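Taking it in order: structure first as structure tokens, then the write-up.
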Amino acid sequence: MALHLYGLVAARTALPDDLRGRAESPVRPVADERLAVLVSDVADDDRVRRADLLAHAHVLEELSETETVVPIRFGVVMPDEETVRAELLGPRGDHTAALLRAFDGLVQLSVTVRYDEDEALREVLRRDPSLRGGAGAGSVPERMRLGEAVATALEELRADDADRVLQRLAPHARAVAFNEVRDTATVTALALLVQRVDRPAMDLAVADLRAELGPRIRPRYVGPQPAYAFLDSVETEATAWA
């Protein structure tokens, strides 16, 4: 058997009795006086499945509801507890303790806003009826110019809506990180660093945003999570966002 690693917490952290990881294996701590690495048993030759990735994320998200967690990327496996202590609790202990202090009481909430593209197009045409044109009317160059004008208007709408999302959500966050936008249907993708006690305010802000922008947006709201997007900003006791 080997050990699958999930993350690090303070040694005093009480784990839920029913916390399960990969293949429903119980999650347990490997600890010293200050820190604990969360692990579960996994067969040496166990093939990685999508369910394992989901289980890894679930463990971290469940703990983030109440505890500060420094996540370990999925797929890190070590042969035994002695190796875990030697690799993570010894030489990296001071750095991990600093991360736990920096993010104490904070969680990441992730918001990805996508368009219903038909509704977005309707909004563009509502704002500028001249973009409607006539079905099949006009020369090829005219239709091309009309198509370019519609595309430009959609980009302007996307920029306006992205700014509006940021303006509505940023006041409830300690920091904001911008995730990569991979397609034209995505308006924006944000990671928000939020005080755990301020989650209800962010929940309400996301609900208000959904009501304000109507059917043209489809927000995906995930969390709480460990502060994945903000770990690199920490330098010992200081953070770039503090």
- Sort out for me the helices (runs of 4 or more DSSP H) sitting completely within the stretch 115-217 that have 1 or more residues that are out of contact with any Leu (no Cβ under 8 Å at 6 or more places or on another chain) and within 26 Å of A229 (Cα to Cα). 140-169, 199-213
- Task: Can you work out which of the residues in the stretch 26-37 that are within 26 Å of the chain's Cα centre (by Cα) and farther than 18 Å from T66 by Cβ is surrounded by the most Cβ atoms within 10 Å (Cβ to Cβ)?
- Result: V37
- Message: Given (1) touching a residue at least 24 places away in the same chain (Cβ under 8 Å); (2) out of contact with any helix residue (DSSP H, G or I) (no Cβ under 9 Å at 6 or more places or on another chain), identify the lone condition not met by R50.
- Response: (1)
- Message: Being touching a strand residue (DSSP E or B) at 6+ places or on another chain (Cβ under 9 Å), over 21 Å from Y221 (Cα atoms) and modelled with pLDDT of 90 or more is the requirement here; does D46 meet it?
- Response: no
- Message: Suppose we keep only residues that are within 16 Å of P226 (Cβ to Cβ) and open to solvent by less than 20 Å² (accessible area, probe 1.4 Å) within the stretch 14-25. Which one would you say is farthest from the chain's Cα centre (by Cα)?
- Response: L19
- Please find, within the stretch 71-110, the residue that is nearest to L53 (Cα to Cα) out of those that are out of contact with any Gly (no Cβ under 9 Å at 6 or more places or on another chain), touching a residue at least 60 places away in the same chain (Cβ under 8 Å) and not in a helix (DSSP H, G or I). V76
- Task: Hey, could you check the stretch 90-118 for residues that are of a type in the set (D, E) and either under 22 Å from the mean Cα position of the chain (by Cα) or open to solvent by less than 30 Å² (accessible area, probe 1.4 Å) (or both) and say which is farthest from P29 (Cα to Cα)?
- Result: D116
- Query: Got a number for residues in the stretch 143-162 being open to solvent by 70 Å² or more (accessible area, probe 1.4 Å) and within 16 Å of A120 (Cα to Cα)?
  - Reply: 5
- Message: Quick check on the stretch 182-218: of everything there that is open to solvent by less than 70 Å² (accessible area, probe 1.4 Å), among the β-branched types (V, I, T) and within 24 Å of L125 (Cβ to Cβ), which residue is farthest from the chain's Cα centre (by Cα)?
- Response: I217
- Message: Looking at (1) open to solvent by 20 Å² or more (accessible area, probe 1.4 Å); (2) touching a Ser or Thr at 6+ places or on another chain (Cβ under 6 Å); (3) of a type outside the set (F, W, Y); (4) more than 30 Å from R210 (Cβ to Cβ), which one does E87 not meet, given that it meets all the others?
- Response: (2)
- In this structure, is H4 crowded, with 20+ Cβ neighbours inside 10 Å and either farther than 28 Å from R199 by Cβ or modelled with pLDDT under 90 (or both)? yes
- Note on the structure: Matching residues in the stretch 20-43 (touching a helix residue (DSSP H, G or I) at 6+ places or on another chain (Cβ under 8 Å), within 24 Å of G93 (Cα to Cα) and among the aliphatic types (A, V, I, L, M)) number 7
- Filter the stretch 41-68 for residues that are of a type in the set (S, T, N, Q) and part of a loop (DSSP other than H, G, I, E, B); which is surrounded by the most Cβ atoms within 10 Å (Cβ to Cβ)? T68
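The values are calculated or read from the model by the stated rules, or taken from the named source; none is laboratory data. Bear in mind the structure is a predicted one, so any value in this text is a computation, not a measurement. Virtual Cβ from ideal backbone geometry, glycine too; neighbours counted across all protein chains shown. Calculation scope for accessible area: heavy atoms of the full protein, side chains included, ligands and nucleic acids excluded. Shrake-Rupley method; radii C 1.70, N 1.55, O 1.52, S 1.80 Å.
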